[in-house]
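> My structure is below; once you've seen it, I'll send some questions.
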Amino acid sequence: MTNEQQYRSKLENFKYEVAQETGIPLQDGYNGNLKSREAGVIGGHIGGKIGGHMVREMIRAYEASLVKA
């Protein structure tokens, strides 16, 4: 598995963790039933402080994993 694939896999897993912690019903595959705000919280594009915080945390967690590797 390449570094990019590992990175994407970790981000994908973290996305589902955040969705679960925030009570957003994110499912594997199609999620067209999510409200814009819910999708924004997960993706960090619409969710304001919550989404921005999540993106910063994802970056921090990934950078920390690089230091350990």
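No lab work stands behind these numbers, since they all come straight from the coordinates. Model, not experiment: these values are computed from the prediction. Counting neighbours? That spans all protein chains shown, and the Cβs are built from the backbone with ideal geometry, glycine included.
> What ³J(HN,Hα) values, in whole Hz, does the Karplus curve 6.51 cos²θ - 1.76 cosθ + 1.60 give for region 14-29 when θ = phi - 60°, with x put for Gly and Pro?
Coupling constants for region 14-29: 5, 4, 5, 4, 5, 4, 5, 5, 8, x, 8, x, 6, 10, 5, x Hz.
> Enumerate the whole-percent occupancy of each 10 Å bin, from 0 to the last occupied one, for all C-alpha pair distances of region 3-68.
21, 52, 24, 3
> Under a point spin-label approximation (7 Å from Cα along Cα-to-Cβ), what is the Lys35-Glu12 distance to one decimal in nm?
2.8 nm
> Next question. Taking R0 as 22 Å, what's the FRET efficiency between Thr2 and Ala64 from their Cβ-Cβ distance, rounded to 0.05? Numbers along the way, then the final one.
On the way: r = 20 Å, r/R0 = 0.89.
For Thr2 and Ala64, the calculated efficiency is 0.65.
> Of the options Gly40, Tyr16, Thr2, report the single residue whose Cα projects farthest towards the positive end of the charge dipole of the chain (beta-carbon charges: Lys, Arg +1; Asp, Glu -1).
My answer, from the dipole projection, is Gly40.
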